[in-house]
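One structure below.
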Amino acid sequence: MIFDLLIRIIFAINILSFMKIGYFEYKNSLIVGLIVYIIGYILIYSFHKEKYLGFFNYVYDFGFLIFFLYSIQHPYLSLYFAPFWFSHIKNKYHLVFSVLLSIILITYGFYISNFSEYTLIALAATFYIVLLKFRLTQKEINDFIEENKEIMEKLYNENIKQKNFIDKFENINDLIKILRAYKNEDISIDELIAGIYDITKADGVVFLDFENKICKKIGIYECHDINKNEKYNKSINFTFNGKSIYILYKEDIEVDKDIFDILNDYLKG
């Protein structure tokens, strides 16, 4: 807002400078008009991004430009449409609307000059050529960004897939290591269930030795929770040599088949 407001303040100063060097019968009315214009613009700016009030902004500027053109009778004031509207032209409808209003302003300025200031037409045409070039360049930049955004998204997704594959391979490798270590009695059952808990990302892992009445657990479940099925939706049970390992989840998730096939082969094999 600050830049648009600054442009309008410069416009107001320009009007005041004309009033100082020339004789105008209604100076006080013009000053009041400038104050109303600036304050009014500040008040409506908060609604500027609304679809219809956006067009109202053009009409608001247009009305005051016509008023000051008529009062000051200086044709070059009509060219203020360019800095006033440049930042507000967002789409083809705004462009068409601003062109129509600009033609009226330039025509009236040309009329005030007794049809002698052809520079007005040239400058107005130059502005719209520059604006068109700016919009085309902006579209090319946006298209380039969108195109590269798609490429980056594909690369990102591919990177995620590769990372998931690597993570899965590392998990399988780690699982095989701890299962071999357990079978070779290099690690305890506590270390085994802790490793399974980390690798499977379970909510809990429970080990039961029915013969020796031993229960060990890690995670959110207690030993006496095993038969309370209402407390979890997904349970994977491995039974081997009179023992059981329960891998427990609160949610019904998709289980990595390869990891549990390896668990099944090593524990029951």
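Restricting attention to the stretch 168-214, the residues being open to solvent by 70 Å² or more (accessible area, probe 1.4 Å), in a loop (DSSP other than H, G, I, E, B) and charged (D, E, K, R) number 5. Applying the condition of being under 24 Å from LYS20 (Cβ atoms) and outside any helix (DSSP H, G or I) to the stretch 65-106 and asking which residue is least open to solvent (accessible area, probe 1.4 Å) yields HIS74. Is it true that LEU43 is open to solvent by 60 Å² or more (accessible area, probe 1.4 Å), outside any loop (DSSP other than H, G, I, E, B), at pLDDT 90 or above and over 15 Å from ILE15 (Cβ atoms)? Judged against the criteria, LEU43 is not a match. A count restricted to the stretch 1-10 and to residues that are open to solvent by 80 Å² or more (accessible area, probe 1.4 Å) and modelled with pLDDT of 85 or more stands at 2. Taking the conditions (1) over 24 Å from SER17 (Cα atoms); (2) open to solvent by less than 30 Å² (accessible area, probe 1.4 Å); (3) not charged (D, E, K, R) in turn, ILE112 satisfies each one other than (1).
Among the residues that make up the stretch 131-153, is at least one of them hydrophobic (A, V, I, L, M, F, W, C) and either over 34 Å from the mean Cα position of the chain (by Cα) or surrounded by 15 or more Cβ atoms within 10 Å (Cβ to Cβ) (or both)? Yes, the stretch 131-153 contains at least one residue that is hydrophobic (A, V, I, L, M, F, W, C) and either over 34 Å from the mean Cα position of the chain (by Cα) or surrounded by 15 or more Cβ atoms within 10 Å (Cβ to Cβ) (or both). Of everything listed in (1) closer than 28 Å to VAL59 by Cα; (2) modelled with pLDDT under 90, the single unmet condition for GLU140 is (1).
For PHE56, the requirement of being at negative phi, in contact with a helix residue (DSSP H, G or I) (Cβ under 9 Å, 6 or more places away or on another chain) and open to solvent by 20 Å² or more (accessible area, probe 1.4 Å) is met.
Just so you know, in the stretch 11-34 the residues that are hydrophobic (A, V, I, L, M, F, W, C) and open to solvent by 90 Å² or more (accessible area, probe 1.4 Å) include one that is modelled with the lowest pLDDT, and it is ILE21.
The values are calculated or read from the model by the stated rules, or taken from the named source; none is laboratory data. Keep in mind it's a predicted model, so treat the numbers as computed, not measured. Cβ coordinates were reconstructed from backbone atoms using ideal geometry, including for glycine residues, and neighbour counts include every protein chain displayed. Note: accessible area is taken over every heavy atom of the protein model, side chains too, but ligands, DNA and RNA are not part of it. Shrake-Rupley method; radii C 1.70, N 1.55, O 1.52, S 1.80 Å.
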